[in-house]
Amino acid sequence: MGNIDKLAGTTLFKEQIMAGVSEEEIRKTWEPGLSQFKEMRKKYLLYP
């Protein structure tokens, strides 16, 4: 698992993999942050 903590930016991802969490469930945990990022970036997009 080497540098996966650094690449993912958190230890949570590594812990989820080691616990056997499915890909779908891991992606669901990313959703709140992704939604927040997409909302924040709207004011910087040149095209909707």
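The values are calculated or read from the model by the stated rules, or taken from the named source; none is laboratory data. Note that the coordinates shown come from a computational prediction; the quantities given were computed from them, not determined experimentally. Counting neighbours? That spans all protein chains shown, and the Cβs are built from the backbone with ideal geometry, glycine included.
Quick one: in the range 14-42, which of the residues that are assigned to a helix (DSSP H, G or I) and of a type in the set (Val, Ile, Thr) is farthest from residue 3 (Cα to Cα)?
29
Yes or no, residue by residue, for (1) in contact with a Cys (Cβ under 9 Å, 6 or more places away or on another chain); (2) surrounded by fewer than 10 Cβ atoms within 10 Å (Cβ to Cβ); (3) modelled with pLDDT of 90 or more; (4) not acidic (Asp, Glu):
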residue	(1), (2), (3), (4)
2	no, yes, no, yes
6	no, yes, no, yes
20	no, yes, yes, yes
29	no, no, yes, yes
35	no, no, yes, yes
40	no, yes, yes, yes
43	no, yes, yes, yes
47	no, yes, no, yes
